[in-house]
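The values are calculated or read from the model by the stated rules, or taken from the named source; none is laboratory data. Keep in mind that what you see is a predicted model, and the values were worked out from it rather than measured. We place every Cβ from the backbone using ideal geometry, glycine too, and count neighbours over all the protein chains shown. For the accessible areas, the whole protein counts, side chains as well, though only heavy atoms, and no ligand, DNA or RNA atoms are used. Shrake-Rupley method; radii C 1.70, N 1.55, O 1.52, S 1.80 Å.
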Amino acid sequence: LDLVLSMLEELKDKGLEEAEVEFSKQHRSQAFPFQLETHARRLSMLLDARFLGRPPDWIKSYEDRVLAVTPEQVSDALRLCIDPFNLVITITCTAADVIKEIRALPGVSEVLVQPYDCQWDPQPAAEEEPAA
């Protein structure tokens, strides 16, 4: 988890290499037709576009818009949208095995433990290590 958070921070600070952006653009562009392969998927996309107030050519112009994205736009979006110190993180594990390490991570303000065999009760974990 510490490694993931540091990687998110680095991604926010440094952005992506131009080659990474280009690879992602090509992948999204080439994968897009598969999202339209059935009538149900096309209808779903059309309804989503209409519901979200997209322009009438939103689906037809998708690939052109993706290919027009610049590395600078990607970096700006990453800086705007990623905050590794303002996250809600969910971990499925045995709490007793990791709770001390999680609490020790920088910026952790609260740790909730939900036993798998109990109804949801959003209470902070007790200071002692849980049995489950």
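Consider the range 1-29. How many of its residues are farther than 28 Å from Ile89 by Cβ and loosely packed, with under 11 Cβ neighbours inside 10 Å?
Counting residues in the range 1-29 that are farther than 28 Å from Ile89 by Cβ and loosely packed, with under 11 Cβ neighbours inside 10 Å gives 1.
Could you check the range 101-127 and list, in sequence order, the residues that are farther than 19 Å from Ser6 by Cα, modelled with pLDDT of 85 or more and outside any loop (DSSP other than H, G, I, E, B)?
Matches in the range 101-127: Leu112 only.
For residues that are assigned to a helix (DSSP H, G or I) and small (Gly, Ala, Ser), scanning just the range 43-64, find the one that is least open to solvent (accessible area, probe 1.4 Å).
Step by step, filter the range 43-64, then rank; the result is Ala49.
Can you run down the residue pairs with Cβ atoms below 9 Å, 6 or more apart or on separate chains, where the first is in the range 56-75 and closer than 18 Å to Gly15 by Cα and touching a residue at least 24 places away in the same chain (Cβ under 8 Å) and the partner is in a loop (DSSP other than H, G, I, E, B) and open to solvent by 30 Å² or more (accessible area, probe 1.4 Å)?
From the range 56-75, the pairs are Pro71/Leu16; Pro71/Glu17; Val74/Leu16; Ser75/Leu16.
Only one of these conditions is not met by Ala40: (1) open to solvent by 70 Å² or more (accessible area, probe 1.4 Å); (2) in a loop (DSSP other than H, G, I, E, B). Which number is it?
(2)
Restricting the first residue to the range 16-37 and requiring it to be in contact (Cβ under 8 Å) with a residue 40 or more places away in the chain, which pairs with a second residue that is exposed (fewer than 14 other Cβ atoms within 10 Å of the Cβ) meet a Cβ separation below 6 Å and a spacing of at least six or different chains?
Lys25/Leu67
Can you run down the residue pairs with Cβ atoms below 7 Å, 6 or more apart or on separate chains, where the first is in the range 97-123 and basic (Lys, Arg) and the partner is open to solvent by less than 100 Å² (accessible area, probe 1.4 Å)?
Sorted first by the residue in the range 97-123, then by its partner, the pairs are Arg103/Val111.
Let me spell it out: the conditions are (1) open to solvent by 70 Å² or more (accessible area, probe 1.4 Å); (2) within 24 Å of Glu10 (Cα to Cα); (3) in a loop (DSSP other than H, G, I, E, B); (4) modelled with pLDDT of 85 or more, and Asp83 meets all of them except one. Which number is the exception?
Unmet for Asp83, out of (1) open to solvent by 70 Å² or more (accessible area, probe 1.4 Å); (2) within 24 Å of Glu10 (Cα to Cα); (3) in a loop (DSSP other than H, G, I, E, B); (4) modelled with pLDDT of 85 or more: (1).
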